[in-house]
Amino acid sequence: MYGFNLPGFATLGNEDIYYDIYENIPDYVDEIGKDRVDNESSQPSKYASSKQSNISNRNKVTHVGFLKVHKAGSTTMQNLFFRFGLKHKLNIAIPKRGNYMFNKSAAIRPKYSSHYDIFACHTVYKRAWFSSLLPNNTIRIAIIREPFDRMVSAAYYYRDVSNLKYLKNVPKTNFIQNLVQYPEKYERSYYSQTKNSMGKDFGFSQDTAKSNASISHYLQELDKDFALVMVTEMMDHSLVLMRRLLNWSIADIIYLPTNTHEHKEIELTDNEWKKFRETNFLDIAIYDYFYAAFKRKVEQAGKDLTDEVNFFQNCLAKVRLFCDAKNESFVDFERSKWDDAFRITRDDCAWMNTNELAFISQLRKLYH
């Protein structure tokens, strides 16, 4: 039912690795926000790196709440939302300290208006909490990842980088197999980084996860709240669907994947698969529900979506070559069926390569 190590998505983003906050940070960060330009204005921001023609007249959605699901490509997505917020001089909700936020009082006050526009930090989803933080017309987006793939990525990451004790206690030989086969020994908590972690991020309580009926009911409630639940294994399809939903430009969804902690393919026995499904029943239910919904969106969009994804992937390949080569100051993209021409600069590369904690540190400097 589930495969491991789908091409290109072993791990997208390292949530907790520290980074030199003064490395590769463009000089203009402290200038952003001095002369805010309305999103509907025909005058492009002097800080926007993309060429703008009639795209600047597009009424882009600027109120977005993103549920940052652990080890599901969410740091790559967070970077994208942060960059969009900076480009358009929006209020990005960030915590006063750390990189998690669970209530509004923990956030640095908005700088440019009385409300926040973008939220993309780690939290546990609660409808009332999101509603208190963001305007009523906010579009809510989340992301999911194939449960076994996500669990394996999390297991190695939180063992080797975060040094979580319960994972350190699992023998390194047949590490994943031991973790799966003996949950009563190694997975004693109701939730952990490797046990129904997506369920925790989506706000499932023990009560809402107690039966198939209660799980189904809560999934339907989540489906009403989130306009799009992206799928890590189909990241580029997800981003194009998101671009269309938010009326953004292709330049707004350009990203650089960060593939660290790649591992060899893991093979499980039939009994181990049974154990995994029993232990991670909630994450499997979440994935099955929202993956089916995502596939319907893809099918409804038809060939035009496929064509745009192919175009987008060609753009991404060109951006990666440009950012790696470091010999030109910018790279231009011609007007397409789906969007105007745009430009990617060295500053864009620097921001796309900026670590989560470094980016949050720069936002704190900006907002204080």
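The values are calculated or read from the model by the stated rules, or taken from the named source; none is laboratory data. Values in this document were obtained by computation on a predicted structure and should not be read as measured data. Positions of Cβ are backbone-derived with ideal geometry, glycine not excepted, and every protein chain shown enters the neighbour counts. Just the protein is used for accessible areas: all its heavy atoms, side chains included, with ligands, DNA and RNA removed. Shrake-Rupley method; radii C 1.70, N 1.55, O 1.52, S 1.80 Å.
Overview of values
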quantity: Added length on full extension, which subtracts the Cα-Cα distance from 0.36 nm per residue, ARG296 to ASN353; calculated: 17.2 nm
quantity: Separation in nanometres of the label points that stand 7 Å from Cα toward Cβ, at GLN220 and GLU265; calculated: 4.0 nm
quantity: D_trans [Stokes-Einstein, Kirkwood Rh over alpha-carbon pairs] for segment 89-172, 4 °C, 1.567 mPa s, µm² s⁻¹; calculated: 85 µm²/s
quantity: Projected-area mean, segment 223-313, by convex hull of Cα positions, square nanometres; calculated: 8.1 nm²
quantity: Size-normalised alpha-carbon gyration radius of segment 168-297, reference 2.2 N^0.38 Å; calculated: 1.24
quantity: Rg(Cα)/(2.2 N^0.38 Å) for segment 134-203, N = residue count; calculated: 1.33
quantity: Cα-Cα separations in segment 169-239 greater than 18 Å, expressed as whole percent; calculated: 56 percent
quantity: Square roots of five times the Cα gyration tensor eigenvalues for segment 293-334, Å; calculated: 30, 10, 6
quantity: Calculated over segment 58-100: convex hull of Cα atoms, volume per residue (Å³); calculated: 88 Å³
quantity: Carbon/sulfur fraction of accessible area - segment 200-266, other protein chains in place, 1.4 Å, %; calculated: 46 percent
quantity: Over segment 216-368, volume per residue of the alpha carbon convex hull, in Å³; calculated: 190 Å³
quantity: Mean accessible surface per residue for segment 217-368, computed with a 1.4 Å probe while every protein chain stays in place, in Å²; calculated: 46 Å²
quantity: Percent carbon-and-sulfur accessible area, segment 312-368, ignoring ligands, DNA and RNA, probe 1.4 Å; calculated: 48 percent
